1. Got a sec? Which of Arg258, Arg207, Arg195 is of a type in the set (Lys, Arg), open to solvent by less than 50 Å² (accessible area, probe 1.4 Å), under 18 Å from the mean Cα position of the chain (by Cα) and more than 16 Å from the ligand (Cβ to nearest atom)?
2. Quick check: anything in segment 312-323 open to solvent by less than 30 Å² (accessible area, probe 1.4 Å), assigned by TED's automatic domain parsing to the domain that holds Pro276 and not in a strand (DSSP E or B)?
3. Only residues that are under 21 Å from Gln233 (Cα atoms) and either open to solvent by less than 50 Å² (accessible area, probe 1.4 Å) or more than 16 Å from the ligand (Cβ to nearest atom) (or both): list them for segment 75-98, please.
4. Tally the residues that are under 21 Å from Ser95 (Cα atoms) and open to solvent by 30 Å² or more (accessible area, probe 1.4 Å), restricting the search to segment 164-186.
5. So in segment 211-243, with the set limited to residues that are in a loop (DSSP other than H, G, I, E, B) and charged (D, E, K, R), which one is nearest to the ligand (Cβ to nearest atom)?
6. How do the pairs read when you match residues in segment 186-197 that are of a type in the set (Ser, Thr, Tyr) with residues anywhere that are within 12 Å of the ligand (Cβ to nearest atom) and open to solvent by less than 10 Å² (accessible area, probe 1.4 Å), using Cβ under 7 Å and keeping only pairs 6 or more apart or on different chains?
7. Take Glu368 and decide whether it is within 17 Å of the chain's Cα centre (by Cα) and either within 20 Å of Ala300 (Cα to Cα) or among the small types (Gly, Ala, Ser) (or both).
8. Could you please find all residues in segment 264-299 being assigned to a strand (DSSP E or B) and buried (at least 21 other Cβ atoms within 10 Å of the Cβ)?
Amino acid sequence: MAGANMINRRVALIGAAGATGTLLARGAAAVPEIDTGRVQNGRVEFPAWTALTERPSGGPPNPMPMNERVGFAVVGLGRLTLEEILPAFGEAKRSRLVALVSGTPDKAARVAAQYGVPRQAVYDYAVFDRIRDNPDIRAVYIVLPNSMHKEYTIRAAQAGKDVLCEKPMAVSSAEAQAMVDACRAAGRKLMIAYRCQYEPYNREVLRLVREATFGPARFIDAVNVQNQGDGAQWRFKRALAGGGALPDIGLYCLNAARFLTGEEPVEVIARSFSPPNDPRYAEVEETVNFMLRFPGGTVANCATSYGMHESRLLRVHTPGAAISLDGAFSYHDKQLRIACREGRAEAVEERRVPMQNQFALEMDHMAECVLSNREPHTPGEEGVQDHRIMEVIYQSAASGQPVALPRMDGLDRTRGPAPSAS
Ligand code: NAD
């Protein structure tokens, strides 16, 4: 340690000599480590510069060197890819963008230039299987309309690549299971992009629930609604989307209730509604309300719709506190409030968790699994189970009756090990 410090001091002196040579010439003191930082165990670190009363900054991200990271091919250059995923590579530590797949050549060329992807690493769907010959590609991120996930997951696995696939995993549980089976047969990993399970605010709520900080979760309220636009988009076509609001955004409510409790529901009651004169809802539903009953006693009440102003709220009611996460399923702004008794008063605490890019966290988790040959936290089985439950939700909504699900004991039955703190 002392030796390392001396070396660092010397490096600091050499560095300072260039910038502030006159100071050195006059024998000025070495710049202290609190200002220069230090390299320890291959990481650049800075000592805390604020008092213990302040939140720590988290320090430099210490990304892996580029040539050691897992190379991703991103398939589908739609809104999610261009607005969130490609920018998130800039905040990733273990992942890098190495290839693109698109059926729109001018867009692909432009995006490749924007992100420094070489021309020979841009593929279209016809030649997709040639990714097999590109050793830079270790993982493939599928960001296509839902009905295309199965084909490209299977083709990627058969080309020898590990797969990260967007949610909803497919358009049915049978397709989802076929994806799991194909990846297993090809000896490749399959992870479903349940970003909220990697996002720090959702993980803080998870911690409070699992540690029963305020007592057990008795009731979960989950709302994910937005006002959808033009009816020409694929999200209104059953063959491409597999359903309406439920698989697209209601899935977040379902998945949150499952990952917070760690349990699988034993009963579902659902209702769905679509405005009868709106041609956009000829094939898919606008609104679904569903209630899930869990074996440990938690009840989740979930609402999703394409016909209401954006709201994405998760609330967990426990005996000791009401925990509310506003923006729970959003990409960015979140507000976590905990209301509980404080003496004679009701205290409402706002808890601020350091924000991190959830797409970068999720890709880095996949990269870590590839590098260390681990099972992803949200493997294909997690997606299959959501599809099974969504099918039961539709069944209940159609019949107007509650539907029982087979009891599955144990926690986190469909999940791999928890993601490591980044
Ligand atoms: P999008 O409509 O913006 O993009 C879809 C892309 O697929 C486009 O580039 C389009 O050209 C291409 N495509 C190829 N064949 C197509 C076809 N036959 N019909 C329509 N498009 C075709 O969609 P998006 O919002 O980027 O969604 C893509 C996937 O990502 C979906 O599975 C969606 O559920 C998922 N998604 C996830 C999140 C999240 O937060 N994790 C957010 C949005 C979307």
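The values are calculated or read from the model by the stated rules, or taken from the named source; none is laboratory data. If you're wondering where the values come from, they're calculated on a predicted model, not measured in any experiment. Neighbour counts are summed over all protein chains in view; Cβ atoms, including those assigned to glycine, are modelled from backbone coordinates with ideal geometry. Please note that ligands, DNA and RNA were not included when accessible areas were found on the heavy atoms of the full protein model with its side chains. Shrake-Rupley method; radii C 1.70, N 1.55, O 1.52, S 1.80 Å.
1. Arg258
2. Yes, segment 312-323 contains at least one residue that is open to solvent by less than 30 Å² (accessible area, probe 1.4 Å), assigned by TED's automatic domain parsing to the domain that holds Pro276 and not in a strand (DSSP E or B).
3. Of everything in segment 75-98, those that are under 21 Å from Gln233 (Cα atoms) and either open to solvent by less than 50 Å² (accessible area, probe 1.4 Å) or more than 16 Å from the ligand (Cβ to nearest atom) (or both) turn out to be Val75, Gly76, Leu77, Gly78, Leu80, Thr81, Glu84, Ile85.
4. Number satisfying all stated conditions: 0.
5. Filtering segment 211-243 for residues that are in a loop (DSSP other than H, G, I, E, B) and charged (D, E, K, R), the one nearest to the ligand (Cβ to nearest atom) comes out as Lys237.
6. Tyr194/Asn255; Tyr194/Thr378
7. no
8. Val268, Ala270, Ser272, Thr287, Val288, Phe290, Leu292
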